[in-house]
Structures are given as structure tokens and as C-alpha cells.
Amino acid sequence: MRRENNDNRVHSHSRPLAAMLDARQHPEQFSRRILVAVTGLSPQIVTETLYALAVAPSARRFVPTEIHLITTRTGAEKARLALLSDDPGWFHRLCRDYALPPICFTTDTIHTLEDAAGKPLDDIRSPADNRRAADGITGIIRQLTADPDCALHVSIAGGRKTMGFFLGYALSLYGRPQDQLSHVLVSEPFEASIGFYYPTPSSRVLEMPGGRLVDSALAQVTLAELPFVSLRHGLPEALLTGLASYNETVEAARRALAPAELQIDLTARRIRAAGHEFGLPPAELALLSVFARRALRGEAPLPAPAKEFPDADWKRRYLVELRWIAGPLGDLDETERALRKGMDGGYFSAHLSKLQKILRRQLGPAAEPYLISDGGTRPRRYSLGLRPVAVSYDPLPGPQPIGDPIHSLLPGA
């Protein structure tokens, strides 16, 4: 951190690759450009970063249309007085000095972190305060990144170390190609001056500790851009649009990056995939279990039933799983009538399509290892591409009556 480290007293999943690369190279071309920063007792971070982005000779000219500040109650009051007041009003001075276009930065875009009771946090000192700060910062970044037409520039230079960490990590969780992360660098001796806010266009003398006089017009302010790894592609859609906590979001990202594991509970009609547990309709669960069983045994991919010709072998495979799911008292008369002559390609394709949609909706991009693949070449042969050790059944199915006409096809028979 720039100053705050020494001041501990109080403190787009499916976009084409070309479009993603263009967004990364030209965030300044987005119609909505947002500077996000955390601050504690040094609101100078805002004006210094704004200067480095919009004015400095080496700047890439990312001129924000909005500024959002995340801070504590004390930090919000100091920012209001130092940056947004009529005097000294350093934000307004900077905009006038360098003729910047209108930038939306008001008390409404200063976000004050709150405790569990909804009261503004004066500081971040306890584990509970840290959790609230993490959730608050994550929620703001999630909300801002939900707009595909905006680009974020996030500064972690201010606030307590934990605030900067949470802000940077939140961007790693939710950031898109057009978003950037940075830390502002201020030349000596101005870094230590509480009266320095940005390099002024004309001479302005500051008195340093010990009586030394310096000219703020001679200061140099630059940005150190910090590359980050975006984990957004691994988050389920529910976490991108919902109100998940910081810990829940981090855990979801960990699960998405972990080795794929599929656990099936036929009795409860539920599966666990990518660390996420959810139910499946019996017809789709039965189809998934056909392929999961083959993956567990290391068996070869299967061709789909022919479109116009019912397939008796597919009917038997499918009904084995469906009977485990329905149980001994389950009524499968309607399904058995539909499959009286066998399973055809239309029946197979309809339930496969529904299964894939459910998996994508529940798991987002993390669904990929759990989707049934057609092999990508003709003739199409379908399989679940998981290793045998990645598939399990819990609980293991119990025995069915020996007299069952499909007993010979049951697992282990």
C-alpha cells in the first residue's frame, strides 16, 4: 500500500476471442469507465490515481466516467471533506486544472462498509469486521462487473492491507478482459506529504515534515499495472448474479478449479458435481447414469440410437438406471410404453439436450467435464469423459430381485 500501510491508527463467458482481446487492449473505448478504489485516511489515492490515468504523460488516457470509493465511516468523511467540498475540494480542482470531462463522483458513489447490524464500520479490526469488509467489497465488484458495457480500473493503493487484498481478489473472481488492476506510485518526497494530492500544472509549494519546501508541480505519479488471473469463467451463473458472500464465492472458484468428481445418489435423485449438489429429473438422471456407469468401468463410447429405428439395447440400458431411481414401487408404465419397441434417436436427443442444459445452468462453465460428449467427429460416439476414479455412487445400489428380467444387465451382475 502507498500510505495506508504506515497508518494503522484508524483505518463475459462466451464472447469471441477477438472481442475479448480488443476489450483487453482498449478499455478506454468503453462508454462506461469506472475507477474503483479503497481508502482509509488518505483520500489522496483517488486524485493521484485519476491523474495517473487521465493526465500523466505516460497515461493510457483511461478517463473515468464514474469514481466509486470503498471505505470506512471515518474514511468516507475525510474523502467528502478533502475531495468533494467547495474548499479544498481537491477532486474538483484536479478536474478544473486539467479540463477533464464530467466525472460522476459524489457522496452517493462513496460506499461505506457496514457491520452485521448495518451500521457504518469505523475501522476493520476484528475477524467479523474483516468478513463484513470482504463481503461488502465483493458485492460492489460483482454489481459493477455485471454491466458488460463498462470497464473497471481498480486501485488497491489505499486502505488497510486487507481492504486492498479483498478488492484485488474480488476483481480476480469477477473481472473481465477489459478490467484492470493497479497500484499508484508517487515520487519522493511527495509520498510522505499529507498535503499532496496530484502534480499541479503550476507551481504550488508544500512544506514537508522538518520544514523542507517542495514544489508539487515537480512530482511524478505513475501506475504499476498488476496482471491478475480472472476466475470468472469458473463461477456458476447463480454466483455471478446473486448475493453470495466472499467465502462462498471463493469456495465456488476453488471447486471449479479442482479435479472433476461426480457423485450420484440414485435414491435421492441428486448428484454432486464441481462441489455443487443438486437434483435431476429421473429421465435425465437415468441417462447421465448410463454414461457415468460406463466411465466408472472404463468402457468405450456409445453410438446414439438411430433416428428412425428404435434400439432395444439402449432401452435396456436406460431402464436399468431408471428402475434404480424409481425404486421397487415406482410406476414406469408410461416410460415403458414410450420405449415399447426400443429407444430412438429423438427420445435420446431430447433428454440429452435437457440434461446438458440443466448441468450448464447449475454449474456454469464448470459444467464442461460433466457434459456428455459426442466425440467431435463422425460417426458420433457418446461418452462421459471422466476417469473411473472420478465417478462414484453413494449409496451403492442394493440388489434387485433375481427374477427381474433385466437382472443380467445390473451393475456387478
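The values are calculated or read from the model by the stated rules, or taken from the named source; none is laboratory data. None of the values given here were measured: they were computed from a predicted structure. For neighbour counting, all protein chains shown are included, and Cβ atoms are generated from backbone atoms with ideal geometry for every residue, glycine included. For the accessible areas, the whole protein counts, side chains as well, though only heavy atoms, and no ligand, DNA or RNA atoms are used. Shrake-Rupley method; radii C 1.70, N 1.55, O 1.52, S 1.80 Å.
For the stretch 73-88, name all the residues that are among the small types (Gly, Ala, Ser) and outside any helix (DSSP H, G or I).
Answer for the stretch 73-88, where residues must be among the small types (Gly, Ala, Ser) and outside any helix (DSSP H, G or I): just SER85.
Please work out if ARG270 is modelled with pLDDT of 95 or more, basic (Lys, Arg) and open to solvent by 10 Å² or more (accessible area, probe 1.4 Å).
yes
Of the residues HIS111, HIS68, which single one is in contact with a His (Cβ under 7 Å, 6 or more places away or on another chain), closer than 19 Å to LEU53 by Cβ and not aromatic (Phe, Trp, Tyr)?
Just a single option satisfies the conditions, and that option is HIS68.
Have a look at ALA151, ALA170, ALA133 and point out the one that is within 15 Å of the chain's Cα centre (by Cα) and among the aliphatic types (A, V, I, L, M).
Residue meeting the stated conditions: ALA170.
Return the total of residues in the stretch 275-292 being touching a strand residue (DSSP E or B) at 6+ places or on another chain (Cβ under 9 Å), at pLDDT below 95 and crowded, with 17+ Cβ neighbours inside 10 Å.
0
For ARG33, state whether it is at pLDDT below 55 and outside any helix (DSSP H, G or I).
no
Being closer than 15 Å to SER187 by Cβ and in a helix (DSSP H, G or I) is the filter; apply it to the stretch 50-72 and report the residue that is least open to solvent (accessible area, probe 1.4 Å).
The qualifying residue least open to solvent (accessible area, probe 1.4 Å) is ALA52.
Please verify whether SER193 is closer than 22 Å to ASP149 by Cα and under 38 Å from the mean Cα position of the chain (by Cα), treating the condition exactly as stated.
no
Which number in (1) hydrophobic (A, V, I, L, M, F, W, C); (2) within 39 Å of the chain's Cα centre (by Cα); (3) at pLDDT 90 or above marks the one condition that LEU396 misses?
(3)
Are any of the residues in the stretch 211-225 surrounded by fewer than 19 Cβ atoms within 10 Å (Cβ to Cβ) and at positive phi?
The answer is yes; a qualifying residue exists.
Among the residues of the stretch 335-344, are any open to solvent by 10 Å² or more (accessible area, probe 1.4 Å) and of a type in the set (Gly, Ala, Ser)?
Yes, because at least one residue in the stretch 335-344 is open to solvent by 10 Å² or more (accessible area, probe 1.4 Å) and of a type in the set (Gly, Ala, Ser).
Could you grab me the full set of residues in the stretch 91-130 that are more than 23 Å from GLY164 (Cα to Cα) and part of a helix (DSSP H, G or I)?
HIS92, ARG93, LEU94, CYS95, ARG96, ASP97
Just checking, does the stretch 95-114 include any residue being at pLDDT below 95 and open to solvent by 20 Å² or more (accessible area, probe 1.4 Å)?
yes
Considering only residues that are assigned to a helix (DSSP H, G or I), at pLDDT below 70 and either within 9 Å of the chain's Cα centre (by Cα) or of a type outside the set (S, T, N, Q) (or both), which ones fall in the stretch 240-252?
LEU240, ALA252
Name the single residue that is surrounded by the most Cβ atoms within 10 Å (Cβ to Cβ) among those in the stretch 345-388 being within 28 Å of ARG254 (Cα to Cα) and hydroxyl-bearing (Ser, Thr, Tyr).
So the residue we want is TYR370.
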